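Read through the structure below, which is laid out as structure tokens, and then see the notes.
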Amino acid sequence: MEKKKNERTFFIESFGCQMNDRDSEIMAQLLSDSYKPSLTVNDADIVLVNTCSIRQKAEQKAMSLLGTLKIIKKNKPGMVIAVVGCVAQQEGKKLLARLPYVDLVLGTQNIYKLPLFLNDITANHKRISAVEQTAAFTIPPYLPDVDKGQAHKRFVTIMQGCNNYCTYCVVPYTRGREISRNFTDIIAEVEHLTRHGVKEITLLGQNVNSFGRDIENNETNFSKLLRATAAIKGLKRLRFTTSNPKDLNDELIQCFADIDILCPHFHLPVQSGSNIVLKRMNRKYTIERYLDLVNRLRIARPDIAITTDIIVGFPGESTEDFQATMDLVDNVRYHGAYSFKYSDRPQAKSVAFDGKLSEEVKGERLATLQAKINQIVMERNQEFIGKIEEVMVEGQSRTHTGQWSGRTGSNHIVNFTAEKSLKPGRIINIEINEACQHSLRGLAK
Ligand code: SAM
Ligand code: SF4
């Protein structure tokens, strides 16, 4: 017997970045008016796969889940399968042709119309592709559901898309042109969250430093938004991600000196240590300028932890270029770094570049780089031993039974022992007594 609408269940699997996680939260909220969440994919009547296409590997993960869903759907013909996010945007209608068991392909600007499309699919047995993008798009003023998700920390999207066109990157195609959210909507969303007990906010965008530039007659910018957000009552910690170094200016650096609750952590993706490669990547800064920014951030906030993203094996990367990246890592001594093998993406300009490196060379370079990063990160972690750190409690440790887990302002995970039960969001002093590769350990003071 066919289920009634309010008996139908949904499941969302989210791949990729925090922007996708936030979009998945929004879709869950939109669906929960009419459907119930399901605990597993197998039990769900509607399955959304929120995809990432930043590297080929990310795309493959989503494709592999879709392969499993195809098998499940054979025994559940009424199941609705939707592909959402960046792969959906990139492939559009082609996905409906390639994957006949998929009912909906939903692009990154279309998630707010999800319930309408689902109604159409069930009522009219349609298959739909909705991937239109327009410069007139605005992110609706959508207040998050405070009863679901983490109670003490949340992500708030401040802009969508990117205008930078780094030659390796698919984001400007999958997420569209830069669109900033309305300043007052962002502040209203943060106020709503803090009124309901949220203590930490991370402002999200692909290139937050250029917030506001797309708004006509605009008098605001990212630093002003940071200052206004930091002034909201009840907020204890403020973070943001991600920034392109080319847009990091003195006004933003000054925020780290002035705003107490702005956490001492800056994720500043460098991508390569070679000026020749940076130019071919269209990054629009030099290593000299990057090092100057790092230096100025450290002067403004001496305890700041700087982390980064690095791509190895970009087309044409010579052994000297790779050595320049190794030297940069030695020089900056990052507190953390994500590193990736260069991956051809369908619409990216670098697909047509000469000098592609073999998977073997890319793999060797990545392993060499990661060994260096791990060594430096471990040394950086050891610098915390003996210090008292303010740690925001996240909950009971998942890896260390009987212990608690939290994060420092610098975003280091700390597992610690405490005598009493602790509420997530509380900030307590922890004396650090041990450093591990991915976390610190300590005792509540
Ligand atoms: N907006 C950020 C910036 O400007 O640095 C980057 C955000 S991007 C979503 C996350 C990271 O994925 C990039 O910093 C880069 O290191 C990596 N990435 C992007 N495209 C890639 C590609 N084609 N191959 C390998 N890594 C890639
Ligand atoms: Fe991609 Fe970041 Fe460059 Fe934008 S600034 S194109 S998101 S790497």
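List of remarks:
- Taking GluC sites (Glu not before Pro) across the stretch 160-254, the ones in a DSSP loop with at most 16 further Cβ atoms lying within 10 angstrom of their Cβ are 216, 219.
- Of the GluC sites (Glu not before Pro) found in the stretch 1-106, those in coil by DSSP whose Cβ has at most 16 other Cβ atoms within 10 Å are 2.
- Under the convention that each Lys and Arg Cβ holds +1 and each Asp and Glu Cβ holds -1, the size of the dipole of the chain around its Cα centre is about 940 debye.
- Working from Cα pairs under 8 Å separated by at least six residues, relative contact order for the chain is 10 percent.
- Signed unit charges on C-beta, dipole axis of the chain, positive-most listed residue 437, 261, 170: 170
- Mean-position separation - Cα centroids, the stretch 178-252 and the stretch 83-158, in angstrom: 24
- For residue 387, the amide hydrogen comes within under 5 Å of the amide hydrogens of 432, counting only partners 5 or more places away or on other chains and with H modelled in the peptide plane.
- Within the stretch 86-126: Cβ-based charge dipole about Cα centre, in debye rounded to nearest 20 (Lys, Arg +1; Asp, Glu -1): 120
- Bridge orientation summary for the chain: considering DSSP beta bridges with both residues in this region, about 30 percent are antiparallel.
- Based on the Kirkwood approach, the hydrodynamic radius assigned to the chain is 23.5 Å, with every pair of different Cα atoms included.
- 18 Å Cα-Cα reach of residue 76 towards aspartates and glutamates, excluding residues that sit fewer than 8 places from it in its own chain: 2, 7, 43, 45, 103
- For the stretch 390-395, Karplus couplings with θ = phi - 60° (6.51, -1.76, 1.60), whole Hz, Gly/Pro x: 7, 10, 8, 5, 9, x
- Qualifying trypsin sites (Lys or Arg not before Pro) in the stretch 204-263, DSSP loop, other Cβ atoms within 10 Å at most 10: 233
- With a threshold of 20 Å on the Cα-Cα distance, the over-threshold entries among 387/423; 284/349; 279/349 are 387/423.
- Long-range amide H partners of residue 265 with built H, under 5 Å: 305
- Computing FRET efficiency as 1/(1 + (r/R0)^6) for residue 134 and residue 330, where r is the C-beta to C-beta distance and R0 is 60 Å, gives about 0.85.
- For the chain, calculated [θ]222 nm from helices alone, where every DSSP H run of n ≥ 4 adds -39500 (n - 2.57): -10500 deg cm²/dmol
No value in this document is a laboratory result; all are computed from the given coordinates. What you see is a predicted model, and the numbers here were worked out from it, not measured in a lab. FYI the Cβ positions are ideal-geometry reconstructions off the backbone, even for glycines, and counts take in every protein chain you see.
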